[in-house]
1. If you go through the range 140-163, how many residues are out of contact with any strand residue (DSSP E or B) (no Cβ under 9 Å at 6 or more places or on another chain), touching a residue at least 60 places away in the same chain (Cβ under 8 Å) and closer than 15 Å to residue 88 by Cβ?
2. Under 23 Å from residue 204 (Cβ atoms), buried (at least 23 other Cβ atoms within 10 Å of the Cβ) and more than 20 Å from the chain's Cα centre (by Cα) - does that describe any residue in the range 330-343?
3. Determine which single condition residue 99 fails, assuming it passes every other condition in (1) within 21 Å of the chain's Cα centre (by Cα); (2) outside any helix (DSSP H, G or I); (3) surrounded by 20 or more Cβ atoms within 10 Å (Cβ to Cβ).
4. Taking the conditions exactly as written (closer than 17 Å to residue 81 by Cα and at pLDDT 95 or above), does residue 143 satisfy them or not?
5. Just need a number here: residues in the range 115-132 that are in a loop (DSSP other than H, G, I, E, B) and either surrounded by 14 or more Cβ atoms within 10 Å (Cβ to Cβ) or modelled with pLDDT under 95 (or both).
6. For the range 17-35, which residues satisfy the criterion of being buried (at least 18 other Cβ atoms within 10 Å of the Cβ) and either free of Cβ contacts under 8 Å to residues at least 24 places away in the same chain or in contact with a helix residue (DSSP H, G or I) (Cβ under 8 Å, 6 or more places away or on another chain) (or both)?
7. Name the residue that is surrounded by the fewest Cβ atoms within 10 Å (Cβ to Cβ), counting only residues in the range 234-267 that are part of a loop (DSSP other than H, G, I, E, B), more than 14 Å from the chain's Cα centre (by Cα) and touching a residue at least 40 places away in the same chain (Cβ under 8 Å).
8. Restrict the check to the range 276-296 and report whether at least one residue is within 19 Å of the chain's Cα centre (by Cα), crowded, with 18+ Cβ neighbours inside 10 Å and more than 30 Å from residue 155 (Cα to Cα).
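The values are calculated or read from the model by the stated rules, or taken from the named source; none is laboratory data. This one's a predicted model, so the numbers in the text were calculated from it and none came from an experiment. Here the Cβ positions follow ideal geometry from the backbone for every residue, glycine too, while neighbour counts run over all protein chains shown.
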């Protein structure tokens, strides 16, 4: 325990989170004061920072963008806090927001406080119950499919999210949008350019085979198993986390994402889900599709297309960290690891296109 509520934890860079300022802001929101205790950094994505702490008899998780903010970091966190607030009470498994600071001038970045999630991330641990029972692991995969199906079934207009995204032309925009993103990585000093075989070929296939009809809904946007927390007591999803890529779009892309990122033991991508990826036991894509259909009335006849799009989009997203690593904005080993997954994703896309 620190003796004063304004004491800065020695392991936390004041430029990242100044606890004196955060403490004052919390009290202005009507939250209890006191010393900041048990401050720990939580693992997660490579893009954002999360700190768990205890103050005034309550536990919190603070989430903000990375230390080296990118152009859209603050807007991403601002949007994420808004969406999670709208999802409260819907039954969708998501973190509960306590308070959000959308004014980036307070600590130099937009941030929000949320309730800690009781559960485990299969990227970091696999409890004995789950490690020893392949049926539990199969049910974990089915619970993930159910979670995204329930999200996609919500009426975003009723939740006040009509302006949260631009669903018109969503599918048509995907290929040019992400090819443009890939091209933008050349701004990172030292990056030699993407060495990803067949990028344009996959993009052309997606444009030729794009579904003609679909219904807009809430899209998580990055719902692989490493972005889900699971119950210690069983296979149920405790919460979907890392909502930074959420929007209003075609929710079937979330299903394609689940299938595209389904960990296959022995691949680099399996390491993204740690021990769960190593032991396997997850449902087949066919089982995932069938289970999704129990909670959704969407047309599932084009799931292969959405899976290829997921490989294409996620591969380009991960390549961004690889590019930033050349410029010293991300660890080299992380960039190399994610680049290897990008290559596997594009290999999977080509197999699906055959």
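1. First, the residues of the range 140-163 that are out of contact with any strand residue (DSSP E or B) (no Cβ under 9 Å at 6 or more places or on another chain): 141-142, 145, 149-150, 157-158, 160.
Checking the rest, the ones that are also touching a residue at least 60 places away in the same chain (Cβ under 8 Å) come to 141-142, 145, 149-150, 160.
Pick out the ones that are also closer than 15 Å to residue 88 by Cβ and you get 150, 160.
Number satisfying all stated conditions: 2.
2. Taking every residue of the range 330-343 in turn, none turns out to be under 23 Å from residue 204 (Cβ atoms), buried (at least 23 other Cβ atoms within 10 Å of the Cβ) and more than 20 Å from the chain's Cα centre (by Cα).
3. If we test residue 99 against (1) within 21 Å of the chain's Cα centre (by Cα); (2) outside any helix (DSSP H, G or I); (3) surrounded by 20 or more Cβ atoms within 10 Å (Cβ to Cβ), just (3) comes out false.
4. Working: closer than 17 Å to residue 81 by Cα: no; at pLDDT 95 or above: yes.
Answer is no for this residue.
5. Taking the range 115-132 as the starting set, the residues that turn out to be in a loop (DSSP other than H, G, I, E, B) are 115-119, 121-127, 132.
Adding the requirement that they be either surrounded by 14 or more Cβ atoms within 10 Å (Cβ to Cβ) or modelled with pLDDT under 95 (or both) leaves 115-117, 119, 121-127.
Residues that pass the stated criteria total 11.
6. Across the range 17-35, the qualifying residue is only 19.
7. First, the residues of the range 234-267 that are part of a loop (DSSP other than H, G, I, E, B): 234-236, 241-246, 250-251, 261-267.
When the remaining residues are screened for being more than 14 Å from the chain's Cα centre (by Cα), the result is 234-236, 250-251, 262-267.
Subsequent filtering for residues that are touching a residue at least 40 places away in the same chain (Cβ under 8 Å) retains 234-236, 250-251, 262, 267.
Details: 234: 12, 235: 19, 236: 16, 250: 24, 251: 27, 262: 23, 267: 15.
That would be 234.
8. Yes, the range 276-296 contains at least one residue that is within 19 Å of the chain's Cα centre (by Cα), crowded, with 18+ Cβ neighbours inside 10 Å and more than 30 Å from residue 155 (Cα to Cα).
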